[in-house]
Amino acid sequence: MQCPQCGGTEAIICGESHTKNHYICADCQEIFPCDRDFHFIEINILNDRGRSLHQLAIYTIRRKTANIYREVSRDIFSKIDKQPIQSVFEGCFFLVLGYFLVKLLLNHYKIIVNPFQNEFREGAILLSTKSLFTGVNLYDLVNQPQFTNVYGIFYHLIVYPFAKIFGVNLPVHRAVTAIFIISTCIGLFWLMYKQLKISFLLCLSGSIILYYQLIYLVNPLARPDGLGLFIFLCGLFIPWQYQFSTTSLIVSIILGILGLLTKPYFFLLIPYIFLYLFIFKSKLSSIKYGLLSLVALLITVLTTNFLFESYFNNTFFAHLNAPIGNDLLNDPYFSIIQFSSYISHNMGLSIISLTIFSIYLIHTFLIYLNLLTKRHNSPNQFNLNIFSTNVSFDMANLNEPLIRNKKLANTQKQEQGEHTNPNLNIDFVVFCLCMSMFIFFARMGHHRGNWLIYIHQLISPFLIILIFKFLDDKWRSPLKISLTQNLQSSLVSIPRIETILNSIANNFYRLVFSSLIILNLFTLTANDFLFEFTYGTEDWLILRNLIAEHNNIFNSPAIASLLVEQNKPVYDSGLSEYFSDGIKSRKTFGIPFPPDKKSQDHFKNYKENINQSIRTKQFDLIVLSNNYSPFISEDLVKEYYQKTKTLQSPMLFTLQNYELNIWEPR
């Protein structure tokens, strides 16, 4: 009998019946049917090697079982190198990220629904939104400094429809801020995942890290920061993704103006794009963009100044003239202190950044060393200027950028029909990061009233994109080594060990990077009070009831939201004191601006009216934080009022707690 598979003649019966059985080839162990009667005489022919039928059956079954095991092992363990171990690893990593994300969302929810102020000046925002309902022009001089708002008007216009439905309160404002914070994180995820093709887990990791940073301190509160950052990043990345087309540049100008009307420094997106176009794209396009932006800016400034008399005093000059340093923290050093703290809070990203910098530094050194060696070995071509490059400066041709790569330009001329996709060019992100770093260390980082806020808003998004783009290159190109190369002989009988060890080796980078990312998430919250956040305290409830019992209250900014809630007048919103900074004599960008005499007289009259109301005891209650107010003196209050009690105003999210002294008429 001949095997149809291999042609062998040695076979055994498979089964108990001796007719129309299946047979197993002793050579290839393939099973094949026999449709003719089987006779015992054939057994001796098939068993011509001298084995008994029993021995042959055992031998063949063992061989067949071994072959089946090898086939199954090859099928399963060949996938382990690419799938199961990596899938288990990525699944565990995903679960850890999910844990942090769920915890983050729960705590963000707690921040939103807390009915009391989480920061000393948070109540001022409610007063500005409420002015839209009452028809008060909050930037009119007659309403200063009571309605002073050092931010823009656009945030309040966005909040208005929500406040119309749910009321003017802190949770509504924080919820609107949360919408734009989450939208910013989703936008960053989409940009990295869809456009830069970064792996899903790395995109999720970067978005969660940015989310943590954007709910740090005052960021998630009733403030325009979340909206402003969303506008800022959209204004930068939309032109980038659409290759700086005319339509996308017009959209960026509109967003830049909206950023100006939200929080002035978010207008910086327009200088970012202008300089990038000028240096790297086209000087003519940059000039057109700059002129159109200037026209839009002039129209906005003139219109806004006409409609809102004190708008730029409040939103622009007040920031420039406000004191930003003290005896303990010199301005230039404060930015360094903040950045050092940022590094300690983001230990994982810091280690990765240091690794990236070291790799590029070593890479650059080796390139120049190789270049020097080659020149040194060529006696007629040696040149000490080993840093010469193909970069040239072009000032004459307006259609060309300021800086050109001659070699790249020649290549593009030779390949004119070839389509290139600049969307995947990370250089624009590098440029934005450098611009933000310069602005932070030159000016904005000196502001001691915004601890780490400017870093999280202006630096972190670009830094995260760059870091995770680098990680993705290593994530997709794992370390290809064989840990069992010298152990092949000892592992022949156990092939799975070799496969598993090789799989672990191939996932080495993923293990290291994911560990650093998790480390970063832990360091972000290591000493954070965020997870200990609780709702209001008994003192807040006492304050709310106390305010309900009085009508005309001179207030500390700590209770401004409670006054708005009960439709009581607010005399000091917390931003009111900055009105005086906006009307001082000032020198901006080298241009001297005289003091606003009219506004200064109005401010003096406002303070005098408050003092006169104290003398005549028109306030039926005075609430001072730590017995201080920028509008009245403690001595004057003591003369006409007596302190009846002291309450606390714990703002646990920002770790603020002000003693509120309660004064009633004598």
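The values are calculated or read from the model by the stated rules, or taken from the named source; none is laboratory data. Owing to the predicted nature of the structure, the values given are computational and were not obtained by experimental measurement. Here the Cβ is made from the backbone with ideal geometry for all residues, glycine too, and neighbour counts use every protein chain on show. Just so you know, the surface numbers come from the protein's heavy atoms only, side chains and all, with ligands and any DNA or RNA stripped out. Shrake-Rupley method; radii C 1.70, N 1.55, O 1.52, S 1.80 Å.
Things worth noting here:
- Helices (runs of 4 or more DSSP H) completely within the stretch 193-294 that count 3 or more residues being open to solvent by 20 Å² or more (accessible area, probe 1.4 Å): 225-241, 246-262, 269-276
- Among the residues making up the stretch 609-661, those that are touching a residue at least 12 places away in the same chain (Cβ under 8 Å) and of a type in the set (Lys, Arg) are Arg615, Lys617, Lys643, Lys645.
- Scanning the stretch 447-496 for residues that are of a type in the set (Ser, Thr, Tyr) and modelled with pLDDT of 50 or more gives Tyr454, Ser460.
- For the stretch 608-662, a tally of residues being open to solvent by 80 Å² or more (accessible area, probe 1.4 Å), among the acidic types (Asp, Glu) and over 30 Å from Asn107 (Cβ atoms) returns 3.
- When residues in the stretch 612-634 are screened for being within 40 Å of the chain's Cα centre (by Cα) and among the β-branched types (Val, Ile, Thr), 1 of them pass.
- Test: residue in the stretch 117-130 that is farther than 20 Å from Thr262 by Cα and in contact with a His (Cβ under 9 Å, 6 or more places away or on another chain): no
- Hey, Asn545 outside any helix (DSSP H, G or I), open to solvent by 60 Å² or more (accessible area, probe 1.4 Å) and closer than 30 Å to Pro171 by Cβ or not: no
- Ile352 vs. criteria open to solvent by less than 70 Å² (accessible area, probe 1.4 Å) and at pLDDT below 65: no
- For Lys638, the requirement of being in contact with a Phe, Trp or Tyr (Cβ under 6 Å, 6 or more places away or on another chain) and either of a type in the set (A, V, I, L, M, F, W, C) or farther than 26 Å from Ser310 by Cβ (or both) is not met.
- Inclusion of Leu302 among residues that are among the hydrophobic types (A, V, I, L, M, F, W, C), touching a helix residue (DSSP H, G or I) at 6+ places or on another chain (Cβ under 8 Å) and either modelled with pLDDT of 85 or more or in a loop (DSSP other than H, G, I, E, B) (or both) is not warranted.
- The combined condition, being in a helix (DSSP H, G or I), touching a Phe, Trp or Tyr at 6+ places or on another chain (Cβ under 9 Å) and surrounded by fewer than 18 Cβ atoms within 10 Å (Cβ to Cβ), is fulfilled by Ser183.
- Residue count, the stretch 570-584 (criterion: charged (D, E, K, R) and assigned to a loop (DSSP other than H, G, I, E, B)): 2
- All positions within the stretch 90-119 that are touching a helix residue (DSSP H, G or I) at 6+ places or on another chain (Cβ under 8 Å) and either open to solvent by 20 Å² or more (accessible area, probe 1.4 Å) or aliphatic (A, V, I, L, M) (or both): Glu90, Phe94, Val96, Leu97, Leu101, Lys103, Leu104, Ile111, Ile112, Val113, Pro115
- Residue within the stretch 635-652 that is assigned to a strand (DSSP E or B), more than 40 Å from the chain's Cα centre (by Cα), closer than 28 Å to Asn605 by Cβ and of a type in the set (A, V, I, L, M, F, W, C) present: no
- Positions within the stretch 128-180 being open to solvent by 40 Å² or more (accessible area, probe 1.4 Å) and of a type in the set (S, T, N, Q), in sequence order: Thr134, Asn137, Gln146, Asn169
- In the stretch 310-337, the residues that are open to solvent by 80 Å² or more (accessible area, probe 1.4 Å) and either at pLDDT below 85 or within 17 Å of Gly574 (Cα to Cα) (or both): Pro323, Asp327, Leu328, Asn330, Tyr333
- Filtering the stretch 500-522 to residues that are open to solvent by 20 Å² or more (accessible area, probe 1.4 Å) and modelled with pLDDT of 85 or more leaves Ser515, Leu516, Ile518, Leu519, Phe522.
- Contacts under 6 angstrom Cβ, first residue in the stretch 426-446 being under 18 Å from Phe316 (Cα atoms), partner open to solvent by 10 Å² or more (accessible area, probe 1.4 Å) and at pLDDT 90 or above, 6 or more apart: Phe440/Tyr454; Met444/Tyr454
- Residues (touching a Ser or Thr at 6+ places or on another chain (Cβ under 8 Å) and either within 20 Å of Thr184 (Cα to Cα) or open to solvent by 20 Å² or more (accessible area, probe 1.4 Å) (or both)) located in the stretch 433-443: Phe441
- Which numbered condition Tyr216 misses (of (1) under 20 Å from Ile299 (Cα atoms); (2) touching a residue at least 60 places away in the same chain (Cβ under 8 Å)): (1)
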